[in-house]
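Please read the structure below before turning to the comments.
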Amino acid sequence: MTEPLLSVITPVYNGEKYIEECIASILRQSYTNIEYIIINDGSTDKTKEIIKKYKKNIKIINQNNMGQVKTLNKGWNMSKGKYLTYLSADDILDSKCYEEIIAFLEKNMNIIMAFPKNHLIDENSKIIKKDVCPEFSFYDTLVRQECKIGAGAIFRKQIFQKYGR
């Protein structure tokens, strides 16, 4: 049985300091059926040159600055995966993150999104606080407009197509 395709979007704007570590954390995932798209959102630093080194492993799009939301929607609209996610250019993931979440979602078809525990890291990627994401609260998301889901959240593309953007 083939693993379902996961589409990962990394929007980046002036991310030269962290983007390589972000890319490495995606490329070292134990889950291998990944479509990885980096959208350079008008960076004026060395981001473009850095991501160009990875063009064999990822799809790269360079564009004028549109902002994170429009950039993510653009990436997700063009993606081919059954599952969608994003990783900010200054975030990194544990190597088993995607494998565990996809396995969970595949076993639980009634769940539309899952996300891992998140740790707060400093500029050297040293953990300074563990488990910073609280349990998901529909009430907080809907009523208080507080969405506290951290890096690594994966959701079903069919939900994005029906309700997203």
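Miscellaneous remarks
- Selection from the range 19-38 of residues that are farther than 22 Å from ILE101 by Cβ and of a type outside the set (D, E, K, R): ILE19
- For ILE101: the one exception among (1) part of a loop (DSSP other than H, G, I, E, B); (2) more than 12 Å from the chain's Cα centre (by Cα); (3) crowded, with 21+ Cβ neighbours inside 10 Å: (1)
- Test: residue in the range 67-76 that is at pLDDT 95 or above, crowded, with 16+ Cβ neighbours inside 10 Å and among the charged types (D, E, K, R): yes
- Options ILE51, ILE26; residue that is open to solvent by less than 30 Å² (accessible area, probe 1.4 Å), in a helix (DSSP H, G or I), touching a helix residue (DSSP H, G or I) at 6+ places or on another chain (Cβ under 8 Å) and on the phi < 0 side of the Ramachandran plot: ILE51
- Positions within the range 60-98 being among the aliphatic types (A, V, I, L, M), assigned to a loop (DSSP other than H, G, I, E, B) and over 15 Å from the mean Cα position of the chain (by Cα), in sequence order: MET66
- Being touching a residue at least 60 places away in the same chain (Cβ under 8 Å) and either in a loop (DSSP other than H, G, I, E, B) or within 30 Å of ALA103 (Cβ to Cβ) (or both) is a description that applies to ILE9.
- Look at the range 84-113: where a residue is touching a residue at least 40 places away in the same chain (Cβ under 8 Å) and a partner is of a type in the set (Lys, Arg) and open to solvent by less than 80 Å² (accessible area, probe 1.4 Å), sitting 6+ places away or on another chain with Cβ atoms under 8 Å, you get LEU84/ARG156; LEU84/LYS157; LEU105/ARG156; ILE112/ARG156; MET113/ARG156.
- Residues (small (Gly, Ala, Ser) and within 17 Å of GLY164 (Cβ to Cβ)) located in the range 32-81: GLY67, GLY75, SER79, GLY81
- Any chance VAL8 is of a type in the set (Val, Ile, Thr), over 25 Å from LYS107 (Cα atoms) and open to solvent by less than 20 Å² (accessible area, probe 1.4 Å): no
The values are calculated or read from the model by the stated rules, or taken from the named source; none is laboratory data. Everything numeric in this text was worked out from a predicted model, so none of it was measured. For neighbour counting, all protein chains shown are included, and Cβ atoms are generated from backbone atoms with ideal geometry for every residue, glycine included. For accessibility, only protein heavy atoms count, side chains too; no ligands or nucleic acids. Shrake-Rupley method; radii C 1.70, N 1.55, O 1.52, S 1.80 Å.
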